[in-house]
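Have a look at the structure below, then the notes.
Every read-out reported here was derived from the displayed coordinates using simple, explicitly stated rules and does not represent laboratory data. Bear in mind the structure is a predicted one, so any value in this text is a computation, not a measurement. Because the Cβ atoms are built from the backbone with ideal geometry, glycine has one as well, and the counts that use them run over all protein chains shown.
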Amino acid sequence: MKRTFLIAGNWKMNAGPTEASALSKEIASLWKDKSFSSEALICPPFVSISSVVSGFEGSDFKTGAQNVSNEDNGAFTGEISTEMLKDSGCEYVIVGHSERREYYNEDDELVALKAKKVVDSGLKVIICVGEILSDRKAGRAEKVVKDQLNTALNQLDGDLSDQVVIAYEPVWAIGTGETATPDQAQEMHKFIRSLLSNHFGTEVAEKIRILYGGSMKPDNAEELLSQKDVDGGLIGGASLKADSFSRILAIAESI
Ligand code: PEP
């Protein structure tokens with residue numbers, strides 16, 4: 001079945017409100033008067049969300065967040081809730097990015113609670129999974145991804161194909177310039193789809209998008225996006241330039 005590509009930019013801790021406003025307007029201007037059938041999304045830092053929502057006004061580009069609290073509201077200093085993100089104009093939330101797992105000790109259980117909170121709020125969730133290099137070298141990549149994904153899926157039920165997106169991001173490929181080969185990506189995406197199928201059934205699993213993330217650039221996007229089970233990209237570095245992000249979207253449109 002044909003799934004709609006999702007091309008998602010993760011700006012990480014880059015682009016405050018002023019820069020985010022200029023960059024989102026530049027991205028939108030590259031597609032002015034041109035429509036696209038993929039979905040395209042930027043996830044800026046929290047403080048820049050409203051700038052990006054405004055910058056994208058009148059375009060088909062969407063806005064997401066890079067993280068969220070697993071709590072609703074109250075005494076959780078420094079946290080941001082799903083309701084706040086909805087109020088700010090977000091449609092998507094990334095959870096479980098490897099940088100959150102590594103630097104902020106987010107474990108599979110916390111990521112799973114966050115994923116459930118996002119889905120319950122009506123927002124769409126991008127659940128990141130992926131192995132570190134030593135796991136891949138030791139032949140444990142599938143086991144790691146299986147544990148990460150199944151812990152999150154255990155919190156989720158029903159036909160959530162509109163609300164759940166998985167991002168496979170081999171940690172050794174994030175921000176390193178190293179990319180998984182198209183075959184490596186396809187092999188893991190196929191495995192992820194089999195896990196989705198075990199949990200949700202084949203019909204729902206076939207509708208869920210699985211993004212590849214890890215040094216995706218205009219130069220390698222076509223071969224990755226052409227893989228059967230690669231339904232888009234989660235793009236860090238290359239989303240910080242309007243031209244390269246836009247070129248990746250154009251490649252998705254051409255496939
Ligand atoms: C990411 O931040 O999710 C990512 C894939 O980064 P990069 O494209 O820079 O490797």
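As a ratio to 2.2 N^0.38 Å, the alpha-carbon radius of gyration computed for region 38-97 takes the value 1.13. Contact order, relative form, for region 6-254: 20 percent (alpha carbon pairs under 8 Å, 6 or more residues apart, mean separation divided by residue count). Listed by Cβ neighbour count within 10 Å, with the fewest neighbours leading, TYR104, TYR168 appear as TYR104, TYR168. Among the listed pairs LYS146/LYS217; LYS124/LYS207; LYS2/LYS34; LYS12/LYS137, those with a Cα-Cα distance over 18 Å are LYS146/LYS217; LYS2/LYS34; LYS12/LYS137. For region 7-110, the set of trypsin sites (Lys or Arg not before Pro) satisfying both a DSSP loop assignment and a count of at most 16 other C-beta atoms within 10 Å is given as LYS32, LYS34. Cβ-Cβ distance of PHE76 and GLU109, R₀ of 22 Å, FRET efficiency by 1/(1 + (r/R0)^6): the value works out to about 0.80. You can think of it this way: the chain between SER226 and ASP243 has 4.0 nm of extra reach, that is 0.36 nm per residue less the Cα-Cα gap.
Charges were assigned to the Cβ only: +1 to each Lys and Arg, -1 to each Asp and Glu. The resulting dipole of region 6-254 about its Cα centre is roughly 320 debye.
Sorting MET13, MET84, MET188, MET216 from the fewest to the most surrounding beta carbons within 10 angstrom yields MET13, MET84, MET188, MET216. Comparing Cα centroids, region 136-182 and region 16-81 end up 24 angstrom apart. When all alpha-carbon pairs of region 1-84 are counted, what percent fall beyond 19 Å? Summing the P(r) of region 1-84 above 19 Å gives 43 percent of all pairs.
Close amide H contacts of ILE235 (hydrogens built in the peptide plane, cut-off under 5 Å, sequence separation of 5 or more or a different chain): ALA8, GLY9, ASN10. Considering helices alone, the calculated mean residue ellipticity of the chain at 222 nm is -12500 deg cm²/dmol, with DSSP H runs of length four and up weighted by -39500 (n - 2.57) and normalised per residue. Couplings 3J(HN,Hα) for region 183-196, derived from phi with the Karplus relation 6.51 cos²θ - 1.76 cosθ + 1.60 (θ = phi - 60°), are 5, 4, 5, 4, 4, 6, 4, 5, 4, 4, 5, 5, 5, 5 Hz, where x marks Gly and Pro. Here SER35, SER50 are placed in order of increasing Cβ neighbour count within 10 Å, fewest first, which gives SER35, SER50. The residue among PHE200, ALA242, SER24 whose Cα reaches farthest toward the positive pole of the charge dipole of the chain, with charges on the beta-carbon of Lys, Arg, Asp and Glu, is ALA242.
Semi-axes of the equivalent ellipsoid of region 93-190 are 23, 14, 12 Å, computed as sqrt(5λ) over the eigenvalues of the C-alpha gyration tensor in descending order. Mean projected area of the Cα convex hull of region 196-255, taken over all directions, amounts to 4.4 nm². Using a Förster distance of 30 angstrom, determine the FRET efficiency expected from the C-beta separation of LYS34 and GLU206, and round it to 0.05. After rounding to 0.05, the efficiency reads 0.55. Treat region 31-153 as a sphere of radius equal to its Kirkwood radius over Cα pairs and apply Stokes-Einstein at 10 °C in a medium of 1.306 mPa s; give the translational diffusion coefficient in µm²/s, rounded to a whole number. Translational D for this selection: 101 µm²/s. Kirkwood radius, the chain, all distinct C-alpha pairs, inverse of mean reciprocal distance: 18.0 Å.
What is the sum of charges, Lys and Arg at +1 and Asp and Glu at -1, for the other residues whose Cβ falls under 12 Å from the Cβ of ALA28? Mind showing how you got there, number by number?
On the way: positive: LYS25, LYS32, LYS34, LYS62; negative: GLU26, ASP33, GLU57, ASP60.
Net local charge, ALA28 excluded: 0.
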